[in-house]
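Participant: Before we start, here is the structure in question, set down as C-alpha coordinates.
The values are calculated or read from the model by the stated rules, or taken from the named source; none is laboratory data. What you see is a predicted model, and the numbers here were worked out from it, not measured in a lab. Quick reminder, even Gly has a Cβ in these numbers, built from the backbone with ideal geometry, and neighbours come from all protein chains shown. We work out accessible area using only protein heavy atoms, side chains counted, and drop any ligands, DNA or RNA first. Shrake-Rupley method; radii C 1.70, N 1.55, O 1.52, S 1.80 Å.
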Amino acid sequence: PGDPVSSAGLDAATLDAVRTLVDHAQRPVVLTGAGMSAESGVPTFRDAQTGLWERFSPQELATEEAFRADPALVWSWYRWRARMIRACEPNAGHRALAAWQRRLDAADGTAGSAEASLHVVTQNVDDLHERAGARVLAHVHGSLFEHRCAVCDAPAEHDPGVADEGAAGSEADLAAMLRHEPPACPRCPDGTLRPGVVWFGEMLPAGPWERAVDAVERADLVLVVGTSSFVQPAASLPLLALEAGVPVVEVNPERTELSPHVTHRLAGTAARVLPALIG
Ligand code: BV8
Ligand code: ZN
(Lines give C-alpha, C1' and ligand atoms only; values in the text may rest on other atoms or scores of the structure.)
(Ligands and ions follow the chains in the order given, each with its own letter.)
Protein backbone atom coordinates (compact mmCIF):
# COMPACT_ATOMS: atom_id res chain seq x y z
CA PRO A 1 0.00 0.00 0.00
CA GLY A 2 1.93 2.95 -1.33
CA ASP A 3 5.63 3.60 -1.24
CA PRO A 4 7.00 2.60 2.18
CA VAL A 5 8.81 5.93 2.35
CA SER A 6 5.92 8.36 1.98
CA SER A 7 3.54 6.29 4.07
CA ALA A 8 6.21 6.04 6.76
CA GLY A 9 6.23 9.84 6.72
CA LEU A 10 9.98 9.96 6.27
CA ASP A 11 11.85 13.05 5.15
CA ALA A 12 12.76 12.33 1.50
CA ALA A 13 15.94 14.41 1.52
CA THR A 14 17.26 12.61 4.61
CA LEU A 15 16.33 9.28 3.11
CA ASP A 16 18.25 10.14 -0.07
CA ALA A 17 21.30 11.20 1.91
CA VAL A 18 21.24 8.00 3.94
CA ARG A 19 20.65 5.85 0.84
CA THR A 20 23.83 7.36 -0.63
CA LEU A 21 25.77 6.53 2.55
CA VAL A 22 24.41 2.97 2.45
CA ASP A 23 25.31 2.52 -1.23
CA HIS A 24 28.91 3.64 -0.67
CA ALA A 25 29.63 2.03 2.70
CA GLN A 26 32.22 -0.77 2.60
CA ARG A 27 32.37 -1.48 6.35
CA PRO A 28 28.96 -0.58 7.83
CA VAL A 29 28.08 -1.59 11.39
CA VAL A 30 24.42 -1.94 12.40
CA LEU A 31 23.74 -1.71 16.15
CA THR A 32 20.28 -3.07 17.00
CA GLY A 33 18.05 -3.03 20.08
CA ALA A 34 14.65 -4.36 21.07
CA GLY A 35 12.85 -2.11 18.56
CA MET A 36 14.43 -4.21 15.78
CA SER A 37 12.26 -7.16 16.91
CA ALA A 38 9.12 -5.16 17.80
CA GLU A 39 7.48 -5.76 14.39
CA SER A 40 8.11 -9.48 14.85
CA GLY A 41 5.79 -9.28 17.84
CA VAL A 42 8.47 -9.26 20.56
CA PRO A 43 7.70 -6.69 23.30
CA THR A 44 10.54 -4.21 23.83
CA PHE A 45 12.02 -3.63 27.27
CA ARG A 46 10.01 -0.42 27.49
CA ASP A 47 6.69 -1.97 26.51
CA ALA A 48 4.64 -2.95 29.48
CA GLN A 49 5.28 -6.61 30.11
CA THR A 50 2.47 -8.61 28.60
CA GLY A 51 0.18 -11.25 30.05
CA LEU A 52 1.69 -13.34 32.80
CA TRP A 53 4.52 -10.92 33.44
CA GLU A 54 2.77 -7.59 33.45
CA ARG A 55 3.38 -7.10 37.17
CA PHE A 56 7.15 -7.61 36.82
CA SER A 57 9.70 -5.01 35.66
CA PRO A 58 12.44 -6.31 33.32
CA GLN A 59 15.00 -4.11 35.07
CA GLU A 60 14.23 -5.95 38.31
CA LEU A 61 14.01 -9.47 36.88
CA ALA A 62 17.14 -9.15 34.70
CA THR A 63 19.50 -9.17 37.70
CA GLU A 64 21.54 -11.76 39.57
CA GLU A 65 19.85 -10.68 42.79
CA ALA A 66 16.43 -11.61 41.39
CA PHE A 67 17.80 -14.98 40.22
CA ARG A 68 19.36 -15.73 43.60
CA ALA A 69 16.19 -14.68 45.40
CA ASP A 70 13.86 -16.74 43.21
CA PRO A 71 15.58 -18.89 40.57
CA ALA A 72 12.32 -20.50 39.42
CA LEU A 73 10.64 -17.15 38.77
CA VAL A 74 13.56 -15.71 36.79
CA TRP A 75 14.23 -18.99 34.94
CA SER A 76 10.50 -19.13 34.00
CA TRP A 77 10.57 -15.56 32.68
CA TYR A 78 13.49 -16.38 30.36
CA ARG A 79 11.88 -19.68 29.35
CA TRP A 80 8.67 -17.80 28.52
CA ARG A 81 10.62 -15.23 26.47
CA ALA A 82 12.57 -17.94 24.62
CA ARG A 83 9.35 -19.80 23.78
CA MET A 84 7.78 -16.54 22.56
CA ILE A 85 10.77 -15.90 20.26
CA ARG A 86 10.41 -19.45 18.90
CA ALA A 87 6.83 -18.49 17.93
CA CYS A 88 7.88 -15.21 16.24
CA GLU A 89 9.36 -14.68 12.77
CA PRO A 90 12.07 -12.27 11.57
CA ASN A 91 10.58 -9.12 10.02
CA ALA A 92 11.34 -7.19 6.82
CA GLY A 93 13.95 -5.17 8.71
CA HIS A 94 15.91 -8.30 9.69
CA ARG A 95 15.66 -9.55 6.10
CA ALA A 96 16.84 -6.21 4.63
CA LEU A 97 19.97 -6.28 6.84
CA ALA A 98 20.70 -9.87 5.81
CA ALA A 99 20.34 -8.90 2.11
CA TRP A 100 22.71 -5.95 2.57
CA GLN A 101 25.26 -8.23 4.26
CA ARG A 102 25.04 -10.74 1.38
CA ARG A 103 25.48 -7.94 -1.15
CA LEU A 104 28.68 -6.75 0.55
CA ASP A 105 29.97 -10.31 0.90
CA ALA A 106 29.52 -10.70 -2.87
CA ALA A 107 31.30 -7.39 -3.49
CA ASP A 108 34.19 -8.40 -1.24
CA GLY A 109 37.51 -8.39 -3.13
CA THR A 110 35.98 -7.04 -6.33
CA ALA A 111 36.22 -3.39 -7.43
CA GLY A 112 39.32 -3.11 -5.29
CA SER A 113 37.23 -3.00 -2.13
CA ALA A 114 39.69 -4.19 0.48
CA GLU A 115 37.36 -6.05 2.78
CA ALA A 116 33.70 -5.18 2.35
CA SER A 117 31.55 -6.49 5.16
CA LEU A 118 28.49 -5.60 7.19
CA HIS A 119 28.76 -6.28 10.92
CA VAL A 120 25.64 -6.72 13.07
CA VAL A 121 26.13 -5.87 16.75
CA THR A 122 22.99 -6.50 18.77
CA GLN A 123 21.80 -5.87 22.31
CA ASN A 124 19.00 -8.34 21.60
CA VAL A 125 19.07 -11.79 23.12
CA ASP A 126 16.81 -13.24 20.42
CA ASP A 127 17.98 -15.12 17.31
CA LEU A 128 15.87 -13.26 14.73
CA HIS A 129 18.87 -11.75 12.89
CA GLU A 130 20.30 -15.25 12.45
CA ARG A 131 16.96 -16.71 11.41
CA ALA A 132 16.73 -13.99 8.72
CA GLY A 133 20.06 -15.26 7.35
CA ALA A 134 22.40 -12.64 8.81
CA ARG A 135 25.70 -13.32 10.60
CA VAL A 136 25.82 -11.57 13.98
CA LEU A 137 29.27 -10.34 15.00
CA ALA A 138 28.34 -9.83 18.65
CA HIS A 139 25.45 -10.40 21.02
CA VAL A 140 26.77 -7.90 23.56
CA HIS A 141 24.07 -8.85 26.09
CA GLY A 142 24.17 -12.59 25.47
CA SER A 143 21.46 -14.90 24.15
CA LEU A 144 18.22 -16.52 25.33
CA PHE A 145 19.39 -19.71 23.69
CA GLU A 146 22.66 -20.12 25.54
CA HIS A 147 22.77 -21.30 29.12
CA ARG A 148 25.55 -21.91 31.57
CA CYS A 149 25.95 -23.20 35.07
CA ALA A 150 25.53 -20.49 37.71
CA VAL A 151 28.23 -22.24 39.76
CA CYS A 152 30.88 -23.75 37.48
CA ASP A 153 30.12 -21.62 34.38
CA ALA A 154 30.03 -24.71 32.14
CA PRO A 155 27.97 -24.03 29.01
CA ALA A 156 24.91 -26.28 28.80
CA GLU A 157 22.38 -27.18 26.13
CA HIS A 158 18.77 -26.50 26.99
CA ASP A 159 15.99 -26.16 24.49
CA PRO A 160 13.05 -24.18 25.89
CA GLY A 161 10.79 -25.93 23.38
CA VAL A 162 7.95 -24.18 21.62
CA ALA A 163 5.24 -22.20 23.34
CA ASP A 164 2.70 -24.65 24.68
CA GLU A 165 -0.74 -23.70 23.50
CA GLY A 166 -2.50 -23.99 26.82
CA ALA A 167 -0.41 -21.18 28.23
CA ALA A 168 -2.45 -18.47 29.89
CA GLY A 169 -5.50 -19.59 31.75
CA SER A 170 -6.34 -20.30 35.35
CA GLU A 171 -4.31 -19.15 38.31
CA ALA A 172 -3.08 -22.74 38.52
CA ASP A 173 -1.61 -22.45 34.99
CA LEU A 174 -0.12 -19.09 35.97
CA ALA A 175 1.47 -20.64 39.02
CA ALA A 176 2.70 -23.58 36.93
CA MET A 177 4.11 -21.25 34.26
CA LEU A 178 5.97 -19.20 36.86
CA ARG A 179 7.54 -22.07 38.74
CA HIS A 180 9.93 -23.90 36.46
CA GLU A 181 13.03 -24.67 38.50
CA PRO A 182 16.27 -24.17 36.52
CA PRO A 183 17.72 -27.56 35.50
CA ALA A 184 20.67 -29.01 37.42
CA CYS A 185 24.15 -28.56 35.97
CA PRO A 186 25.32 -31.69 34.09
CA ARG A 187 28.88 -31.11 35.33
CA CYS A 188 28.94 -30.10 39.00
CA PRO A 189 27.00 -31.50 41.96
CA ASP A 190 25.11 -28.49 43.22
CA GLY A 191 25.04 -26.10 40.24
CA THR A 192 21.95 -25.07 38.34
CA LEU A 193 21.69 -23.51 34.89
CA ARG A 194 21.21 -19.78 34.43
CA PRO A 195 20.22 -17.88 31.27
CA GLY A 196 23.21 -16.97 29.07
CA VAL A 197 22.30 -13.29 29.12
CA VAL A 198 24.09 -10.29 30.69
CA TRP A 199 22.16 -9.05 33.72
CA PHE A 200 22.19 -5.46 34.97
CA GLY A 201 25.33 -4.97 37.02
CA GLU A 202 27.17 -7.76 35.18
CA MET A 203 30.18 -7.27 32.94
CA LEU A 204 29.60 -7.70 29.22
CA PRO A 205 31.34 -10.78 27.76
CA ALA A 206 34.84 -9.73 26.74
CA GLY A 207 34.88 -11.37 23.29
CA PRO A 208 31.67 -9.89 21.94
CA TRP A 209 32.42 -6.47 23.48
CA GLU A 210 35.92 -6.28 21.99
CA ARG A 211 34.63 -7.39 18.56
CA ALA A 212 31.90 -4.72 18.74
CA VAL A 213 34.34 -1.94 19.64
CA ASP A 214 36.79 -3.05 16.94
CA ALA A 215 34.06 -3.13 14.27
CA VAL A 216 32.79 0.33 15.23
CA GLU A 217 36.34 1.73 15.20
CA ARG A 218 36.84 0.38 11.66
CA ALA A 219 33.36 1.30 10.41
CA ASP A 220 32.68 3.80 7.62
CA LEU A 221 28.97 4.00 8.55
CA VAL A 222 27.00 3.12 11.71
CA LEU A 223 23.24 2.53 11.75
CA VAL A 224 21.57 2.48 15.20
CA VAL A 225 18.20 0.73 14.94
CA GLY A 226 15.51 0.29 17.60
CA THR A 227 17.34 1.14 20.79
CA SER A 228 16.60 3.76 23.42
CA SER A 229 20.39 4.19 23.70
CA PHE A 230 20.02 4.25 27.45
CA VAL A 231 21.85 1.19 28.71
CA GLN A 232 25.63 1.44 29.08
CA PRO A 233 28.18 0.60 27.89
CA ALA A 234 26.40 -0.45 24.62
CA ALA A 235 24.97 3.05 24.22
CA SER A 236 28.49 4.47 23.97
CA LEU A 237 29.37 2.52 20.80
CA PRO A 238 27.87 5.05 18.35
CA LEU A 239 29.73 7.86 20.12
CA LEU A 240 33.05 6.17 19.21
CA ALA A 241 32.06 6.48 15.54
CA LEU A 242 30.94 10.11 15.89
CA GLU A 243 34.25 10.99 17.60
CA ALA A 244 36.07 9.44 14.62
CA GLY A 245 34.00 11.53 12.18
CA VAL A 246 32.09 8.47 10.93
CA PRO A 247 28.41 9.13 10.06
CA VAL A 248 25.86 7.68 12.51
CA VAL A 249 22.25 7.21 11.37
CA GLU A 250 19.45 6.52 13.87
CA VAL A 251 16.33 4.56 12.81
CA ASN A 252 13.69 4.90 15.53
CA PRO A 253 10.08 6.17 15.56
CA GLU A 254 10.85 7.96 18.84
CA ARG A 255 13.63 10.36 19.80
CA THR A 256 16.29 8.92 22.09
CA GLU A 257 19.33 9.93 24.16
CA LEU A 258 21.37 9.56 20.98
CA SER A 259 19.11 11.64 18.71
CA PRO A 260 20.76 15.04 19.36
CA HIS A 261 24.18 13.64 18.35
CA VAL A 262 23.48 11.64 15.18
CA THR A 263 24.33 12.64 11.61
CA HIS A 264 20.89 11.69 10.31
CA ARG A 265 17.69 10.54 12.01
CA LEU A 266 14.99 8.51 10.23
CA ALA A 267 11.80 8.69 12.31
CA GLY A 268 10.30 5.37 11.30
CA THR A 269 10.19 1.70 12.19
CA ALA A 270 12.81 -0.93 11.34
CA ALA A 271 10.56 -3.04 9.11
CA ARG A 272 9.56 0.00 7.02
CA VAL A 273 12.74 2.08 6.91
CA LEU A 274 15.42 -0.59 6.39
CA PRO A 275 13.86 -2.06 3.21
CA ALA A 276 13.48 1.51 1.88
CA LEU A 277 17.18 2.17 2.60
CA ILE A 278 18.63 -1.06 1.35
CA GLY A 279 16.37 -1.67 -1.61
C1 BV8 B 1 27.52 -2.92 33.60
C2 BV8 B 1 19.98 -8.73 28.56
C3 BV8 B 1 28.75 -2.83 35.53
C4 BV8 B 1 19.10 -9.25 29.66
C5 BV8 B 1 20.19 -6.33 29.04
C6 BV8 B 1 23.52 4.73 36.09
C7 BV8 B 1 23.95 5.47 35.01
C8 BV8 B 1 24.53 4.84 33.90
C9 BV8 B 1 24.70 3.45 33.89
C10 BV8 B 1 24.26 2.74 34.99
C11 BV8 B 1 23.68 3.36 36.07
N12 BV8 B 1 23.33 2.40 36.96
C13 BV8 B 1 23.70 1.19 36.48
C14 BV8 B 1 24.28 1.39 35.28
C15 BV8 B 1 24.86 0.37 34.42
C16 BV8 B 1 23.72 -0.35 33.70
C17 BV8 B 1 22.84 0.61 32.95
O18 BV8 B 1 23.21 1.11 31.90
N19 BV8 B 1 21.64 0.83 33.52
C20 BV8 B 1 20.69 1.72 32.89
C21 BV8 B 1 19.28 1.22 33.22
C22 BV8 B 1 20.91 3.14 33.41
N23 BV8 B 1 24.40 -1.22 32.77
C24 BV8 B 1 24.73 -2.45 33.19
O25 BV8 B 1 24.43 -2.91 34.27
C26 BV8 B 1 25.60 -3.26 32.23
N27 BV8 B 1 26.73 -3.76 32.98
O28 BV8 B 1 27.47 -1.72 33.52
O29 BV8 B 1 28.40 -3.57 34.37
C30 BV8 B 1 30.14 -3.15 35.77
C31 BV8 B 1 31.14 -2.26 35.34
C32 BV8 B 1 32.42 -2.55 35.62
C33 BV8 B 1 32.74 -3.73 36.31
C34 BV8 B 1 31.73 -4.63 36.70
C35 BV8 B 1 30.42 -4.35 36.42
C36 BV8 B 1 24.82 -4.47 31.71
C37 BV8 B 1 23.68 -3.99 30.87
C38 BV8 B 1 23.06 -5.20 30.17
C39 BV8 B 1 21.72 -5.53 30.80
N40 BV8 B 1 21.06 -6.57 29.99
N41 BV8 B 1 19.66 -7.30 28.28
C42 BV8 B 1 17.69 -9.51 29.18
O43 BV8 B 1 17.42 -9.37 27.96
O44 BV8 B 1 16.87 -9.90 30.04
S45 BV8 B 1 19.77 -4.71 28.72
C46 BV8 B 1 18.33 -4.66 27.78
O47 BV8 B 1 17.75 -3.38 27.94
C48 BV8 B 1 18.55 -4.72 26.29
O49 BV8 B 1 19.53 -5.65 25.95
C50 BV8 B 1 18.94 -3.32 25.92
O51 BV8 B 1 20.32 -3.14 25.95
C52 BV8 B 1 18.40 -2.51 27.06
C53 BV8 B 1 17.46 -1.42 26.61
O54 BV8 B 1 16.61 -2.00 25.76
P55 BV8 B 1 16.55 -1.46 24.20
O56 BV8 B 1 17.12 -2.51 23.33
O57 BV8 B 1 17.10 -0.10 24.04
O58 BV8 B 1 15.07 -1.45 24.10
P59 BV8 B 1 14.15 -0.44 24.82
O60 BV8 B 1 12.92 -1.22 25.11
O61 BV8 B 1 14.84 0.29 25.90
O62 BV8 B 1 13.87 0.61 23.68
C63 BV8 B 1 13.30 0.15 22.47
C64 BV8 B 1 13.58 1.24 21.47
O65 BV8 B 1 13.07 0.80 20.22
C66 BV8 B 1 12.86 2.52 21.82
O67 BV8 B 1 13.74 3.61 21.58
C68 BV8 B 1 11.69 2.54 20.84
O69 BV8 B 1 11.36 3.86 20.42
C70 BV8 B 1 12.25 1.80 19.67
N71 BV8 B 1 11.26 1.09 18.85
C72 BV8 B 1 10.06 0.59 19.23
N73 BV8 B 1 9.48 -0.02 18.16
C74 BV8 B 1 10.33 0.10 17.11
C75 BV8 B 1 11.47 0.82 17.54
N76 BV8 B 1 12.49 1.10 16.73
C77 BV8 B 1 12.40 0.68 15.45
N78 BV8 B 1 11.35 -0.01 14.95
C79 BV8 B 1 10.31 -0.31 15.76
N80 BV8 B 1 9.25 -0.99 15.27
ZN1 ZN C 1 28.03 -26.55 37.13
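Participant: Toward the positive end of the charge dipole of the range 10-71, about the Cα centre and with charges on Cβ (Lys, Arg +1; Asp, Glu -1), which of A66, H24, F45 goes farthest?
Facilitator: Of the candidates, H24 comes out farthest on the positive side.
Participant: Quick one: dipole size for the chain, taken about the Cα centre, charges +1 on Lys/Arg Cβ and -1 on Asp/Glu Cβ, in debye to the nearest 20.
Facilitator: 300
Participant: Same structure again: Given the Cα-Cα distance of A72 and E54 and 0.36 nm per residue of separation, how much length would full extension add, in nm?
Facilitator: Contour length minus Cα-Cα distance gives 4.8 nm.
Participant: Leaving out ligands, DNA and RNA, and with a 1.4 Å probe, what % of the accessible surface on the chain is carbon or sulfur?
Facilitator: Here it works out to 54 percent.
Participant: Rounded to the nearest 20 Debye, what is the dipole magnitude of the range 173-247 about its Cα centre when Lys and Arg each give +1 and Asp and Glu each give -1 at the C-beta?
Facilitator: Value, rounded to 20: 180 debye.
Participant: Here's something else I'd like to know. Quick one: accessible surface of D153, probe radius 1.4 Å, all protein chains present, in square angstrom to the nearest 10.
Facilitator: 90
Participant: Next question. From the P(r) of the range 57-118, could you give the percentage of C-alpha pairs in the tail past 15 Å?
Facilitator: The proportion of pairs with Cα distances above 15 Å equals 68 percent.
Participant: Check the cysteines of the chain one by one and keep only those with no other cysteine Cβ under 4.7 Å from their own.
Facilitator: When partners are defined as cysteine Cβ atoms under 4.7 Å apart, the chain leaves C88 without one.
Participant: Given a cut-off of under 8 Å on Cα pairs at least six residues apart, what relative contact order in percent is computed for the chain?
Facilitator: 27
Participant: Right, next: Using the Karplus curve 6.51 cos²θ - 1.76 cosθ + 1.60 with θ = phi - 60°, what ³J(HN,Hα) values do you get for each residue of the range 117-130, in whole Hz, with x for Gly and Pro?
Facilitator: Each residue of the range 117-130 in turn: 6, 9, 9, 9, 10, 10, 8, 7, 9, 8, 10, 6, 4, 5 Hz.
Participant: Which Rg and Dmax, in Å, describe the Cα atoms of the chain?
Facilitator: 19.7, 64
Participant: Where only protein heavy atoms count, and the probe is 1.4 Å, what is the accessible area per residue for the range 11-142 in Å²?
Facilitator: Dividing the accessible area of the range 11-142 by its residue count gives 42 Å².
Participant: Of L10, F56, G191, which is farthest towards the positive pole of the chain's charge dipole, taken about the Cα centre with +1 and -1 on the beta-carbons of Lys, Arg and Asp, Glu respectively?
Facilitator: L10
Participant: Could you put M84, M36 in order of accessible surface area, largest first, with the 1.4 Å probe and the full protein assembly present?
Facilitator: So, going from the largest accessible area down, we get M84, M36.
Participant: Still on this structure: What are the ³J(HN,Hα) values, in whole Hz, obtained from phi via the Karplus relation 6.51 cos²θ - 1.76 cosθ + 1.60 with θ = phi - 60°, for each residue of the range 55-63 in sequence order, with x given for Gly and Pro?
Facilitator: 8, 10, 9, x, 4, 7, 6, 7, 9
Participant: Now for a different question. Work out, in µm²/s and without decimals, the Stokes-Einstein translational diffusion coefficient of the range 209-270 at 20 °C, 1.002 mPa s, Rh from Kirkwood over C-alpha pairs.
Facilitator: 185
Participant: With Rg and the Kirkwood Rh both taken from Cα atoms, where does Rg over Rh land for the range 176-248?
Facilitator: We get a ratio of 1.17 for the range 176-248.
Participant: For the range 206-242 and the range 56-77, what is the separation of their C-alpha centers, rounded to whole Å?
Facilitator: So the two Cα centres are separated by 27 Å.
Participant: Also, I was wondering about something else. Once the convex hull of the C-alpha atoms of the range 87-146 is built, how many Å³ does it hold per residue, rounded to a whole number?
Facilitator: 77
Participant: Also: If I build a Gaussian network model for the chain, linking alpha-carbon pairs within less than 10 angstrom, which residue out of A132, A69, A107 has the largest mean-square fluctuation?
Facilitator: Among A132, A69, A107, the largest GNM mean-square fluctuation belongs to A69.
Participant: Just to compare against my own numbers: the Cα pair-distance distribution for the range 26-148, 5 Å bins, whole % per bin, please.
Facilitator: Result, from short to long distances: 2, 10, 19, 20, 17, 12, 8, 5, 4, 2, 1, 0 percent.
Participant: For R265, enumerate residues with amide H under 5 Å from its amide H, sequence gap 5+ or separate chain, H modeled in the peptide plane.
Facilitator: E250
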